[in-house]
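Before any comments, here is the structure.
The values are calculated or read from the model by the stated rules, or taken from the named source; none is laboratory data. All figures in this text were calculated on a predicted structure; none of them were measured in a lab. Here the Cβ is made from the backbone with ideal geometry for all residues, glycine too, and neighbour counts use every protein chain on show.
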Amino acid sequence: MAAVKPKAKKKAAPPKKEALKIDKGLIAALKNVEEMAIAQISSAKDPFKTGIGIIAEIRKVTMRIEGEIEDDSRALTEAYDSGPGMVGVGLGVL
């Protein structure tokens, strides 16, 4: 009687990572902001102070965007405070 070799087990394929899709217009706008900032810094009397001011403004924008993301995700995934004496409940993670 011949020996039967066990079949090799197939490894489960790792889940495919979905490519991050950002609008090309947004990328172009961010590049324009970068070019404008560099131009303004290079022509400023005090490049350091100007650069710090530009960074502060960019940081404000990113913090507003981050806050919006947190608000949206909180509203959908967990309990949140919706007013005095009332707690709203999101849909949860499906």
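Quick notes on this structure:
- Filter result for residue 10 (in a loop (DSSP other than H, G, I, E, B) and modelled with pLDDT of 70 or more): no
- Take the conditions (1) small (Gly, Ala, Ser); (2) at pLDDT 95 or above; (3) in contact with a Phe, Trp or Tyr (Cβ under 9 Å, 6 or more places away or on another chain); residue 51 misses just one of them, which is (3).
- Odd one out for residue 75, checked against (1) in a helix (DSSP H, G or I); (2) of a type in the set (Gly, Ala, Ser); (3) modelled with pLDDT of 70 or more: (3)
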